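In what follows, a single structure is set out as structure tokens and then discussed.
The values are calculated or read from the model by the stated rules, or taken from the named source; none is laboratory data. Everything numeric here is computed off the predicted structure, so don't read it as measured data. Cβ atoms come from the backbone with ideal geometry, glycine included; neighbour counts cover every protein chain shown. Surface areas here come from the heavy atoms of the whole protein model, side chains and all, with no ligands, DNA or RNA. Shrake-Rupley method; radii C 1.70, N 1.55, O 1.52, S 1.80 Å.
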Amino acid sequence: EEENIALPSVVHYETLAESYDEKLNIYCQERFLSLIKKFENGKILDVGCGTGYIQSRLNKDVVGLDLTHELLKRNNGKSICANAEKLPFKSNTFDLVFSINLIEHVEDPYKLIMECKRVLKKNGILIVVTPNGDMEFILDIAEKFNLKLPEGPHKFLNSKEMKSLVKMSRLDIISFERFIFFPKRIAGITGFFESIERFVPFFCLFQ
């Protein structure tokens, strides 16, 4: 664990922990939450749960996992400190596994996907949300304007890389979407941008 805790991304989020919730883009979190709720069922694992914003807003009992101690101290839900690339759960345990904005920070994205697959029950659902690597320039601008959390060490995946990774894992892709064309909720405006996301996928910030 001492070796894991020294990972640059973990050090970044340990440092950020005190202001983490203040810096969260709540509009984005609510969009992520609405996606997860579509598949909310049975036993659920949140891989990379952080302080538990989404975890705490689900109706089901959710286990959260993160490698950052300081974030977990602020998580009031059921959580465990562990490495997402070596999940401390038996195979075929969960009906739904989701991971929000984590895969771009791990050392081996393929290993993360395979571990999530391992702990899923047969016909279970895996949801992975990550920034759209095709839009990294815009994501950098959004960070400068405090529209998203400071990213820290990362390697964004573009849409081709993301699809390839899932296919390598021999998972069936039920749906691949890109969303959040407009990064902030503004009354009377945000709804319009949400309605046209499907027509401008290459300009969306997340996948």
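Using DSSP, restrict attention to beta bridges with both residues in the chain and report what percent are antiparallel, rounded to the nearest 5.
Restricted to the chain, the bridges split so that about 10 percent are antiparallel.
How much area per residue is accessible in region 121-204 when the probe is 1.4 Å and only protein heavy atoms are counted (Å²)?
Heavy-atom accessible area per residue stands at 65 Å².
Using 20 Å as the cut-off for backbone N distance, which residues of region 34-48 belong to the label zone defined by a point 7 Å from the Cα of residue 80 along Cα→Cβ?
Answer for this model: 41-48.
I want to check the label-to-label distance for residue 194 and residue 107. Put each point 7 Å from Cα in the C-beta direction and report it in nm to one decimal.
The two pseudo-label positions are separated by 4.0 nm.
Just going by the charge dipole of region 119-178, with Lys and Arg at +1 and Asp and Glu at -1 on Cβ, which of 141, 130, 174 is farthest out on the positive end?
It is 174.
Taking Cα pairs under 8 Å and at least six residues apart, what relative contact order does region 1-111 come out at, in percent?
Relative contact order, region 1-111: 28 percent.
Net charge around residue 123, counting only other residues with Cβ within less than 11 Å of its Cβ (Lys, Arg = +1; Asp, Glu = -1)?
Residues close to residue 123 contribute a combined charge of 0.
Quote the charge dipole size of region 120-207 about the Cα centre in Debye, to the nearest 20; the model charges only the Cβ of Lys and Arg (+1) and of Asp and Glu (-1).
Dipole magnitude for region 120-207 comes out near 360 debye.
Is it possible to state the helix-based mean residue ellipticity at 222 nm for the chain, with each DSSP H run of 4+ residues giving -39500 (n - 2.57), the sum divided by total residues, to the nearest 500 deg cm²/dmol? What is it?
Helices in the chain give a 222 nm mean residue ellipticity of -9000 deg cm²/dmol.
Tell me, what is the 1.4 Å probe accessible area of residue 21, in Å² to the nearest 10?
80 Å²
Can you tell me the length gained on complete extension of the stretch residue 164 to residue 22, counting 0.36 nm per residue apart and subtracting the Cα distance?
Taking 0.36 nm per residue and subtracting the Cα distance, the gain is 47.6 nm.
Only four residue types carry charge here, +1 at the Cβ of Lys and Arg and -1 at the Cβ of Asp and Glu. Report the dipole size of the chain about the Cα centre in Debye, rounded to the nearest 20.
Taking the Cα centre of the chain as origin, the dipole is about 940 debye.
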